[in-house]
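Colleague: Just dropping this structure here.
The values are calculated or read from the model by the stated rules, or taken from the named source; none is laboratory data. What you see is a predicted model; the values in this text were computed from it and never measured. Backbone-built Cβ (ideal geometry, glycine too); neighbour counts: all protein chains shown. Accessible surface is based on the protein model in full, side chains and every heavy atom, while ligands, DNA and RNA are left aside. Shrake-Rupley method; radii C 1.70, N 1.55, O 1.52, S 1.80 Å.
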Amino acid sequence: MTATTAPEAALGVLPRSDGSAKYSHAGYTVTASVNGPIEAQRRDEHAYEAHVDVVVRPAAGVGGTRERHLESLLQSSLSQLILVKNFPRSLIQIVLQVEDSPENDYVNTKLVQASLNLAIMPALVQTAVLALLSAGVPMRATATATAIAIARQDGAQRIIVDPSPREIETGRSVHVLAFTSHGGLLLAESEGDFTVREWDEVYETARAICCRSAPAKDGMAMLLDDEATGGPDMRHFLRSTMESKVVADLHWK
Amino acid sequence: MPREAEPSLNEKQFVIQALQENLRLDGRELDQYRPLELTFGDQYGVADVTLGNTRILAKATAEVTVPYADRPLDGIFTIATELSPMTSPAFEVNRPTETEVLLSRLLEKTVRRSGALDTESLCLVAGQKCWSVRVDVHALSHDGNLTDAACLAVVAALRHFRKPDTSMEGGRLTVYTPAEREPVPLSWLHSPFCVTWSFFGDEGELAVLDATWLEEQVRVGSCTISLNKHGEICQIAKLGGTPVDAVALLQCTNVALTKVKEFSDLVDQKLAEDLKRRDKGGFMAELRAENDR
Amino acid sequence: MPLDTSTYNLALLRVDGRRWNELRRVHAQIRTQAAADGSSYLEMGHTKVMCVVTGPSEPGPRRGGVAGGGSGGAGAGGAGGKAEVVVGIVIAGFSSVDRKRHGRGDKRTLELASTVANALAASLHTHLFPHSQINVSLHVLSQDGSLLAALINAATLACVDAGIPMTDYVAACTAGSTSTYAANDEGADPLLDLNHQEEQELPGLTVATLGESDRVAVLVCESRVQVSRLEGMLAVGVDGCKQMREILDRVVRDKGRRMIQEGTVEKGVGLDDMDVD
């Protein structure tokens, strides 16, 4: 049931923006464009740092409060990563266009949804980071994120990585955690009811997914490592995506 | 809001002079489109159109709402065209520019007012319940000729779209979820497509199809003609600009008709391919369902 | 309100008693507002439009108008070495039968404004006034079809009154066809200058041409019609535009003659060709 397909990404998909990325994972597909540093409007101008503008656009319908909420979360997290002090009085504009999100086959979707959709957050963070890298915006660190749900199944707690809409609906709580490449916790948003111990467990799982140390040279060891922790290795994914892009770009050398 | 950079004088001169020698920067004929690609998403009602470097994503959705009081027998059909800063940083959120207004009016006239979608079929209970079909047009990348690409994307998305099945029993309306019943297509009457001519030269004597962004910036006028393959004009919009000879405009319309027929065939063919692809999945799903039993 | 156009075939007369190639009564005045740089009032049948032109002047703060720069996109504040034509349209709530509020962001109105601006920008010699703005405000007092045509004609007259150099008159009118889009009947007649009822029921288009030439500045068709109908409609429309140009020209010349007679303007060399008294 869970769409645990491997994440996929492409960089520089939009020819007319400074940087762009398309990322799809767990049923979510997001395209991001980054323009910056560009001229900021007077009202957005900061005397000492760049203004980071994040726009989240849903696939259908107009953006409402929940998109604004996601934008504010992303804005505060990404401003921490970007070296905003390098570009005073300018604007770094990140537009995230949701192209596809998994649908719950058991419910007819309503266009205007007031509830927060946390599960999309990791895809947004990941796409934004990739697009920023593609635009060559100087950053303190990169970031990786994951969504985790806690569901009760047959009386036992179960931790689900990258939950489907159905699992979120039936589960008890949803958590989104993002880590910087230095291993620091960048973002932690939770929804639903859970205990502190459960959150600790979620934290450890997320940390294992997001902050696994660079894979060993030996392919065999990597394979074993994967088996030991389970779930995708986000940091390695980010790295390999960038590496393949750089290799492709420097092909002529 | 940074303004769009204007091409330099040299650039403008170069483009115009080349066009006067029947040459285009990308080596196309004057009446040739850039390579057009149309793909459908995994979900119903998602169409992705790529025209050179211009890329449009259209997504159709439907939900049950209350019809407008003055039109109790009609469903609601809207086309939303909001150009985000992704298209170009010159576009701002929640502040429609002229481009956006004209694009949305054009799509509205071409698809909605020409009666391409039978809105009466969207009515469920007169005056109380109806379908509201909405198409969101997302311009991901703008390299000229947004209108033609957007119109194609909207038409393709709507024709690909399936809305949930419904039934009426003793005054009770049931809307089935996709898991219960296979969704049904919309009642589609005809497929209009836009063809945009750009005019160059002092007298607007050079007519060019599918202008790129650079060409759009130096053109002296444009004319968008919407037709369907039956040769019915749905809309013509030459909104000002340098005057063009009336006979030349008639000629443009005739060429547009042949292009529209090509578009029509392309969409038909892609829809058929997609149906085949899905049907295979449907067959597999059937097998699986049997296994479950 | 369905209209019975089938009577047309019996007497070849339209609902208001006109023949196929007749314009409605056109009444126009220029210099109606003493304080404005240029102004006009135009009636085409029951469609009544007022226009005031201000400028060319220094570009002020941007208001709710739609700009049509010279050829090749709108340059804000006429930065591209050309004057910017800014058009604002106000449609009065009492102008049509059902009182409707037209908001500022009404897309139809914005489209009309953009069309008028771009049509004028191509005819006015905007390159003579760099870094300036020509403000055109149009007020719709009464609507009975052919609105866009009336707006363009009124704007042209007001620009003439304002003394802004232009290539020629931009004259507009509408044309229609008696066939509905479904019927592919060859016997369909083209019609000139549609009123509101005809506009609702029959396919039609708005044409604006530059002066006496056959060159089309504006061509707007908003209804479904067979491609074969276009040629006839366009021909009738272009012909109507020429008639309209004559009418507009007469209005301007009459006003000029009267101004010289009244002594408001000195009889100059340039006015010699105008046969006064």
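Colleague: Please enumerate the residues belonging to segment C:223-265 that are touching a Leu at 6+ places or on another chain (Cβ under 8 Å) and of a type in the set (D, E, K, R).
Modeller: Across segment C:223-265, the qualifying residues are C:Glu231, C:Asp239.
Colleague: Taking B:Ala285, is it more than 24 Å from B:Ser88 (Cα to Cα), open to solvent by less than 50 Å² (accessible area, probe 1.4 Å), at pLDDT below 95 and more than 14 Å from chain C (Cβ to nearest Cβ)?
Modeller: Here the answer is yes, as B:Ala285 does meet what is asked.
Colleague: Inspect segment B:205-217 for any residue being within 9 Å of another protein chain (Cβ to nearest Cβ), β-branched (Val, Ile, Thr) and in contact with a Ser or Thr (Cβ under 8 Å, 6 or more places away or on another chain) and give the result as yes or no.
Modeller: Checked segment B:205-217: no residue is within 9 Å of another protein chain (Cβ to nearest Cβ), β-branched (Val, Ile, Thr) and in contact with a Ser or Thr (Cβ under 8 Å, 6 or more places away or on another chain).
Colleague: Could we say that A:Ala59 is open to solvent by less than 60 Å² (accessible area, probe 1.4 Å) and more than 12 Å from chain B (Cβ to nearest Cβ) here?
Modeller: no
Colleague: So which residues in segment C:112-138 are in a strand (DSSP E or B) and either in contact with an Asp or Glu (Cβ under 9 Å, 6 or more places away or on another chain) or not small (Gly, Ala, Ser) (or both), if there are any at all?
Modeller: Residues satisfying the conditions are C:Leu124, C:Gln133, C:Ile134, C:Asn135, C:Val136, C:Leu138.
Colleague: Does segment C:86-100 contain any residue that is over 22 Å from C:Ser57 (Cβ atoms), assigned to a strand (DSSP E or B) and either more than 14 Å from chain B (Cβ to nearest Cβ) or touching a residue at least 60 places away in the same chain (Cβ under 8 Å) (or both)?
Modeller: yes
Colleague: Then there's this: Please determine, by comparing only the residues of segment A:41-55 that are away from chain B (no Cβ under 11 Å) and within 18 Å of A:Val125 (Cα to Cα), which one is surrounded by the most Cβ atoms within 10 Å (Cβ to Cβ).
Modeller: A:Val52
Colleague: Shifting gears a bit: Consider B:Ala179 against the criteria (1) under 21 Å from B:Gly41 (Cβ atoms); (2) touching a Cys at 6+ places or on another chain (Cβ under 8 Å): it satisfies all of them except one. Which criterion is unmet?
Modeller: With (1) under 21 Å from B:Gly41 (Cβ atoms); (2) touching a Cys at 6+ places or on another chain (Cβ under 8 Å) applied to B:Ala179, the lone miss is (2).
Colleague: Do any strands (runs of 3 or more DSSP E) lying entirely in segment A:131-218 carry at least 1 residues that are surrounded by fewer than 18 Cβ atoms within 10 Å (Cβ to Cβ), and which ones are they?
Modeller: The strands (runs of 3 or more DSSP E) meeting that bar are A:143-153, A:156-161, A:185-192.
Colleague: Next question, about the same structure. Could you pull out every one of the strands (runs of 3 or more DSSP E) wholly within segment B:148-239 that has 3 or more residues that are under 18 Å from the mean Cα position of the chain (by Cα) and buried (at least 24 other Cβ atoms within 10 Å of the Cβ)?
Modeller: B:193-200, B:221-227, B:232-238
Residues checked against (1) polar (S, T, N, Q); (2) at pLDDT below 90:
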{"position": "C:Pro61", "(1), (2)": "no, yes"}
{"position": "C:Gly81", "(1), (2)": "no, yes"}
{"position": "C:Val86", "(1), (2)": "no, no"}
{"position": "C:Ser95", "(1), (2)": "yes, yes"}
{"position": "C:Asp98", "(1), (2)": "no, yes"}
{"position": "C:His102", "(1), (2)": "no, yes"}
{"position": "C:Gly105", "(1), (2)": "no, yes"}
{"position": "C:Thr109", "(1), (2)": "yes, no"}
{"position": "C:Ala121", "(1), (2)": "no, no"}
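Colleague: With the condition kept exactly as written, say whether any residue in segment A:23-33 is among the aromatic types (Phe, Trp, Tyr) and either assigned to a strand (DSSP E or B) or in contact with a Ser or Thr (Cβ under 9 Å, 6 or more places away or on another chain) (or both).
Modeller: Within segment A:23-33 (the criterion being among the aromatic types (Phe, Trp, Tyr) and either assigned to a strand (DSSP E or B) or in contact with a Ser or Thr (Cβ under 9 Å, 6 or more places away or on another chain) (or both)), the answer is yes, since at least one residue qualifies.
Colleague: I would also like to ask the following. Out of B:Asp143, B:Asp148, report the one residue that is more than 13 Å from chain A (Cβ to nearest Cβ), under 30 Å from B:Ala248 (Cβ atoms) and in contact (Cβ under 8 Å) with a residue 40 or more places away in the chain.
Modeller: Exactly one of B:Asp143, B:Asp148 is more than 13 Å from chain A (Cβ to nearest Cβ), under 30 Å from B:Ala248 (Cβ atoms) and in contact (Cβ under 8 Å) with a residue 40 or more places away in the chain, namely B:Asp148.
Colleague: Please work out which one of (1) within 14 Å of chain A (Cβ to nearest Cβ); (2) touching a Phe, Trp or Tyr at 6+ places or on another chain (Cβ under 8 Å) is the condition B:Thr39 fails and give its number.
Modeller: Among (1) within 14 Å of chain A (Cβ to nearest Cβ); (2) touching a Phe, Trp or Tyr at 6+ places or on another chain (Cβ under 8 Å), the lone unmet condition for B:Thr39 is (2).
Colleague: Quick check on my filter: what residues within segment B:223-280 are charged (D, E, K, R), under 30 Å from C:Ala119 (Cβ atoms) and more than 9 Å from every other protein chain (Cβ to nearest Cβ)?
Modeller: B:Lys259
Colleague: Considering segment C:113-169 alone, what residues qualify as being within 13 Å of chain B (Cβ to nearest Cβ) and among the charged types (D, E, K, R)?
Modeller: C:Asp168
Colleague: Looking only at residues that are among the small types (Gly, Ala, Ser) and away from chain A (no Cβ under 11 Å) in segment B:64-120, which one is nearest to the chain's Cα centre (by Cα)?
Modeller: Residue satisfying both the conditions and the ranking: B:Ser104.
Colleague: Same structure, new question: Determine if segment C:101-110 includes at least one residue that is in contact (Cβ under 8 Å) with a residue 24 or more places away in the chain and over 15 Å from the mean Cα position of the chain (by Cα).
Modeller: Within segment C:101-110, one or more residues are in contact (Cβ under 8 Å) with a residue 24 or more places away in the chain and over 15 Å from the mean Cα position of the chain (by Cα).
Colleague: Looking for something small (Gly, Ala, Ser), more than 13 Å from the chain's Cα centre (by Cα), modelled with pLDDT under 90 and farther than 26 Å from A:Glu103 by Cβ - is there at least one such residue anywhere in segment A:2-11?
Modeller: So far as segment A:2-11 goes, no, none of its residues is small (Gly, Ala, Ser), more than 13 Å from the chain's Cα centre (by Cα), modelled with pLDDT under 90 and farther than 26 Å from A:Glu103 by Cβ.
Colleague: Among the residues of segment A:74-102, which ones are under 30 Å from B:Val135 (Cβ atoms), assigned to a helix (DSSP H, G or I) and open to solvent by 20 Å² or more (accessible area, probe 1.4 Å)?
Modeller: A:Gln75
Colleague: List the number of the failed condition for C:Cys51; all other conditions in (1) open to solvent by 10 Å² or more (accessible area, probe 1.4 Å); (2) among the hydrophobic types (A, V, I, L, M, F, W, C); (3) modelled with pLDDT of 90 or more hold.
Modeller: (1)
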